[in-house]
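Below is one structure; the comments refer to it alone.
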Amino acid sequence: MNVQSDAAVSPVSLALSEYISTAAARDLPPPVLLKTKHHILDTLAAILSGSRLRAGKLAAADAARFAAVPEPTVMGTALAVPAETAALANAMAAHADETDDSHLRGRFHPGCGIVPAAFAVAEVQDRSGADLIRAVALGYDIGARLSMSLGYANPNNAVGHSTHSLGAAFGAAAAAAALCRFDAARVRHVLSYACQQASGVPYWHRDREHVEKAFDFGGMGARNGVAGAMMVAAGFSGVDDAFSGRNNFFTGFGEKPDPAVLAHGLGARFEIMAASIKKWCVGSPIQAVLDATEALIAEHHVRAGDVRHVRITMPDDRMHIVDNGAMPDVCVQHMAALILVDGKLSFASTHDHARMQDEAVLAVRRKIELIPSPELSKAVPARQAIVEIECSDGRKLRHHAKAVRGTPDNPMTSEEIEAKARDLIAPITAAERAGKLVAACAKLETLRSVRELRPLLQQG
């Protein structure tokens, strides 16, 4: 029996739950509205393209077991399943590879967990496009703050817990609670269930097929966040404040926790503005390498036949994630070689495992030297890279990519984001429907119900 009153709830939990409970009625500043629509479109595109990759296919096949309870859409299929299952399947498809967005300070991929969770609950509750936008922006705010509040000195080496799983779970829970129109007390119960379901151990980089990683980064958090909201909607009660008191969330998950971070700047600092959309559908540490290599190709017309030696200097704190990776899109040597051979990259080429055995690509790959840099690990903006190419004719070319394309320091335009989305979506839904989905997302705030998007999210 729950006997706690608001008087026994910490100021942080009160402020957090009040903010979440009023999010649905709160207008967003125009730049935040636009950027949230960009991230929704980018994530939907990642889901649809990922629905044809191994993690997406497996998740959809598992979801098919629940098709007798038709609720939200499993995107890229004709399935409609319970909200928790749809959130899981769509989130795994969203991170079936390295197409989705990221948040550097929060150390997680917000879109793959938050957008599928918000979309599933919005479908169940028959919410508007404006409701969805506000819930997604809220999810980024809460997920990022939760990760930052844990006080991990080095999240890459955090003992025991993965910020990639935790941020997604709490962002999904907050978005789901807002779409359910819960009051502050029930929001706190949803957050308590998020705490109880919190999980994730940071060995995800050892997943050679990107299936468990898709679950860790997206599927688990989306499913658990929605499940908590659905349980509270069904009348489940919970602990009123999971973030303070004896044996609270931070005693189990924090390193040098600062609970005040959870509510700091809410309504003034929108974390979605600090999130990045990927230009390249590859692992985040490879983005700057491809930016630099593309710049050298464009400026000097260098190609594979010109190359004698390539030196790639990267931050030493994340190089291990992409150094000789087993999958093409998370192997920096393969990606650099591939763009030099082809002169460009596409979603298809970055996911073509056969090209990893292409002798033309392997010949260039053997000429690549990877150099770890402690200095670049500390550099601002983060994730910089330097590519140096020594050519057979004696030319020595160098490009230092400092602000990765798609990050807040070097954002992509609406046109670039929409072009990326069309390229990802059209092979799944057909070009005409892809164009309609892009157009619908551009005016998402005018949509009466997100259910109107269902026909545009199914396979062609």
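Can you say whether residue 193 is aromatic (Phe, Trp, Tyr), in contact with a Gly (Cβ under 9 Å, 6 or more places away or on another chain) and in a helix (DSSP H, G or I), as far as the supplied structure shows? So residue 193 passes the test.
How about region 318-371: which of its residues are open to solvent by 40 Å² or more (accessible area, probe 1.4 Å), farther than 29 Å from residue 422 by Cα and at pLDDT below 95? Listed by number, the list holds a single entry, 320.
As a summary of the residue check, residue 413 satisfies the conditions (1) open to solvent by less than 60 Å² (accessible area, probe 1.4 Å); (2) in contact with a strand residue (DSSP E or B) (Cβ under 7 Å, 6 or more places away or on another chain); (3) hydroxyl-bearing (Ser, Thr, Tyr) except for the one numbered (2). Run down 382, 419, 403 and say which single residue is at pLDDT 95 or above, under 22 Å from residue 284 (Cβ atoms), small (Gly, Ala, Ser) and in a loop (DSSP other than H, G, I, E, B). Sole residue among the options that is at pLDDT 95 or above, under 22 Å from residue 284 (Cβ atoms), small (Gly, Ala, Ser) and in a loop (DSSP other than H, G, I, E, B): 403.
Per-residue answers, yes or no, for (1) touching a residue at least 12 places away in the same chain (Cβ under 8 Å); (2) open to solvent by less than 20 Å² (accessible area, probe 1.4 Å); (3) assigned to a helix (DSSP H, G or I); (4) closer than 19 Å to residue 121 by Cα:
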{"site": "187", "(1), (2), (3), (4)": "yes, yes, yes, yes"}
{"site": "205", "(1), (2), (3), (4)": "yes, no, yes, no"}
{"site": "225", "(1), (2), (3), (4)": "yes, yes, yes, yes"}
{"site": "288", "(1), (2), (3), (4)": "yes, yes, yes, no"}
{"site": "297", "(1), (2), (3), (4)": "yes, no, yes, no"}
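Quick check on region 51-74. Is at least one of its residues within 21 Å of residue 424 (Cβ to Cβ), in contact with a Ser or Thr (Cβ under 6 Å, 6 or more places away or on another chain) and either at pLDDT 95 or above or buried (at least 19 other Cβ atoms within 10 Å of the Cβ) (or both)? The answer is yes, given that some residue of region 51-74 is within 21 Å of residue 424 (Cβ to Cβ), in contact with a Ser or Thr (Cβ under 6 Å, 6 or more places away or on another chain) and either at pLDDT 95 or above or buried (at least 19 other Cβ atoms within 10 Å of the Cβ) (or both). Please tell me if residue 153 is more than 20 Å from residue 95 (Cα to Cα), open to solvent by 10 Å² or more (accessible area, probe 1.4 Å), small (Gly, Ala, Ser) and at pLDDT below 95. Against the criterion (more than 20 Å from residue 95 (Cα to Cα), open to solvent by 10 Å² or more (accessible area, probe 1.4 Å), small (Gly, Ala, Ser) and at pLDDT below 95), residue 153 qualifies. The single residue among 8, 46, 23 that is closer than 16 Å to residue 190 by Cα and touching a residue at least 24 places away in the same chain (Cβ under 8 Å) turns out to be 23.
Kindly indicate whether any position in region 139-149 is within 14 Å of the chain's Cα centre (by Cα) and basic (Lys, Arg). No, region 139-149 contains no residue that is within 14 Å of the chain's Cα centre (by Cα) and basic (Lys, Arg).
Just to be sure before I move on: is residue 314 part of a helix (DSSP H, G or I), surrounded by 19 or more Cβ atoms within 10 Å (Cβ to Cβ) and not β-branched (Val, Ile, Thr) in the structure I sent? No; evaluated as a whole, the condition is false for this residue. Is one or more of the residues making up region 106-122 touching a residue at least 24 places away in the same chain (Cβ under 8 Å), surrounded by fewer than 24 Cβ atoms within 10 Å (Cβ to Cβ) and within 14 Å of the chain's Cα centre (by Cα)? Yes, that holds for at least one residue. In the set (1) part of a loop (DSSP other than H, G, I, E, B); (2) open to solvent by less than 10 Å² (accessible area, probe 1.4 Å), the condition left unmet by residue 176 is number (1).
Taken together, the residues in region 422-439 that are closer than 15 Å to residue 75 by Cβ, assigned to a helix (DSSP H, G or I) and either open to solvent by 30 Å² or more (accessible area, probe 1.4 Å) or without any contact (Cβ under 8 Å) to a residue 24 or more places away in the chain (or both) amount to 5. If you filter region 79-97 down to residues that are farther than 18 Å from residue 124 by Cβ and part of a loop (DSSP other than H, G, I, E, B), you find that the one that is nearest to the chain's Cα centre (by Cα) is 95.
The values are calculated or read from the model by the stated rules, or taken from the named source; none is laboratory data. What you see is a predicted model, and the numbers here were worked out from it, not measured in a lab. As a convention, Cβ positions derive from the backbone with ideal geometry for all residues, glycine included, and neighbour counts pool all protein chains shown. These accessible areas exclude ligands, DNA and RNA; they are computed on the full protein's heavy atoms, side chains included. Shrake-Rupley method; radii C 1.70, N 1.55, O 1.52, S 1.80 Å.
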